[in-house]
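The values are calculated or read from the model by the stated rules, or taken from the named source; none is laboratory data. In this text, all values refer to a predicted model and were calculated from it rather than measured experimentally. Cβ: placed from backbone, ideal geometry, glycine included. Neighbour counts: every protein chain shown. With ligands, DNA and RNA removed, areas are computed over all heavy atoms of the protein, side chains included. Shrake-Rupley method; radii C 1.70, N 1.55, O 1.52, S 1.80 Å.
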Amino acid sequence: MAREGGLGTWAGAGRRLLSSWPQGPPRRLYADSYGDQSGAESDASSGVKAGFGRTDRDADDDIDEAQDLLCLEREPAHAAPHTRAVLSGLARTEVATSLPTELQVEVTSRCNLKCDACLRTHKRLAPDVDLTIDDFVRIASEVPVLSRVVFQLNGESLLSPDVFAMIREACRRGAHTILNTNGTLLDEPRRAALRASGLSELRVSLDGATAETVERMAGADIFSLVVEGVRAFVVERQGRSEPRVSLWMIANQETIQELPDVIRLAATIGVEEVYLQRLVVNGYGIAQEKSSIHGRLDARVREILGEAERVAATLGVALRASGRRPILESLVMDAAGGNPRIGCWRPWRSAVVTASKLVLPCCISSFTLGYDRLMLGDLSTERLSDVWNGERYKALRRGILSNQPVNACLRCGVDWSL
């Protein structure tokens, strides 16, 4: 197949198609499946017909999928039409032509657990502070098209007194909203507040199917507390499709054997999706190379993954890796060479803001290095619009495009995941 910039002819076609959207892809790229059922929608600014009866949430997921497909240099036959349709941002330079459309926000740097795989447990990253609703409104007001807001990073989001107000504000601005939590604070008042906030997705960390394993990973006996909180949340949803609920499990050599039982547990408590995350290696606690499965698939792990996929199919639970990739594919080391980071969209699409109002390259980088080595700007004293095309962001983008990554990217690509 002919190549264009190392990405293939279909990537070049995606560049040309979406160059007609100088401010990025239209917010309403897809027809809402709860509204227009025709499967097509016109965008007045671009004159492009799109749709397939899909929702904005699907569009966000497709962007993640497209990113991974680019990384793997897949041919057109491997990419669904809706995935090819969202290949915006490919005509990239060190200067972003539009402001981010996604925010990842750490609403608090405080946490009530000391998870062994978390860098925060082993190293002081920042003072314990909360982002206020006023801070969030000020930051969000700089983003003219806000498609998605993810409330996550190194703190426990439900410790924030303003998190529900932030979700409501993000929803008011038309964003798909996601909250990540360790699940220990899903008491009745917080469950009710989450349902009333308009939240789109609730993602709950659960790194095993037994109390013993979860305690070893989380540093506390929380298994029953988390399971019962999630079960109650699903029941109280009363059959509604949102907030969508998923369980997220970190894969490592010690816990992977419990993946099939995590899927069975999810089905028992009414959870629709289970995601397997790679272990982010940072040299602390369990986050060591020897514990990682990535690139170390043996017959035992392959058998476990095969069983997990069969169990998921039987029980009707969606089983995926981060970025909605197939599980096995996400754990295979790609030794094809080239630039493994070329598919990364984040510095052109998504800004990560900590509770201290620091801007970081991405959420994964915060698990590998101290903030002093990652900071791209400080929104306490700077505007996001100035930081977004400041010298540090431009250096980050140059590194991705030239395969000479800055420190923030060294644990990504072939070493971790896009």
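Summary of computed values
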{"quantity": "So ARG244, is it open to solvent by 50 Å² or more (accessible area, probe 1.4 Å) and out of contact with any Phe, Trp or Tyr (no Cβ under 8 Å at 6 or more places or on another chain)", "calculated": "no"}
{"quantity": "Any chance VAL86 is modelled with pLDDT of 90 or more, open to solvent by less than 60 Å² (accessible area, probe 1.4 Å) and not in a helix (DSSP H, G or I)", "calculated": "no"}
{"quantity": "Residue list for region 192-221, restricted to those being surrounded by fewer than 20 Cβ atoms within 10 Å (Cβ to Cβ) and in a strand (DSSP E or B)", "calculated": "GLU201"}
{"quantity": "Identity of the residue in region 177-190, in a loop (DSSP other than H, G, I, E, B) and touching a strand residue (DSSP E or B) at 6+ places or on another chain (Cβ under 6 Å), that ends up surrounded by the fewest Cβ atoms within 10 Å (Cβ to Cβ)", "calculated": "ASN182"}
{"quantity": "Options VAL274, VAL262, VAL280, VAL227; residue that is assigned to a strand (DSSP E or B) and not aromatic (Phe, Trp, Tyr)", "calculated": "VAL274"}
{"quantity": "Flag for ILE286 being open to solvent by 10 Å² or more (accessible area, probe 1.4 Å), part of a helix (DSSP H, G or I) and closer than 22 Å to ALA218 by Cβ", "calculated": "no"}
{"quantity": "Cβ-Cβ under 8 Å pairs, at least 6 apart or on other chains, region 239-260 side over 15 Å from ARG278 (Cα atoms), far side open to solvent by 10 Å² or more (accessible area, probe 1.4 Å) and modelled with pLDDT under 90", "calculated": "ARG244/ARG57"}
{"quantity": "Qualifying residue in region 266-274 (condition: under 16 Å from the mean Cα position of the chain (by Cα) and either of a type outside the set (D, E, K, R) or open to solvent by less than 10 Å² (accessible area, probe 1.4 Å) (or both))", "calculated": "yes"}
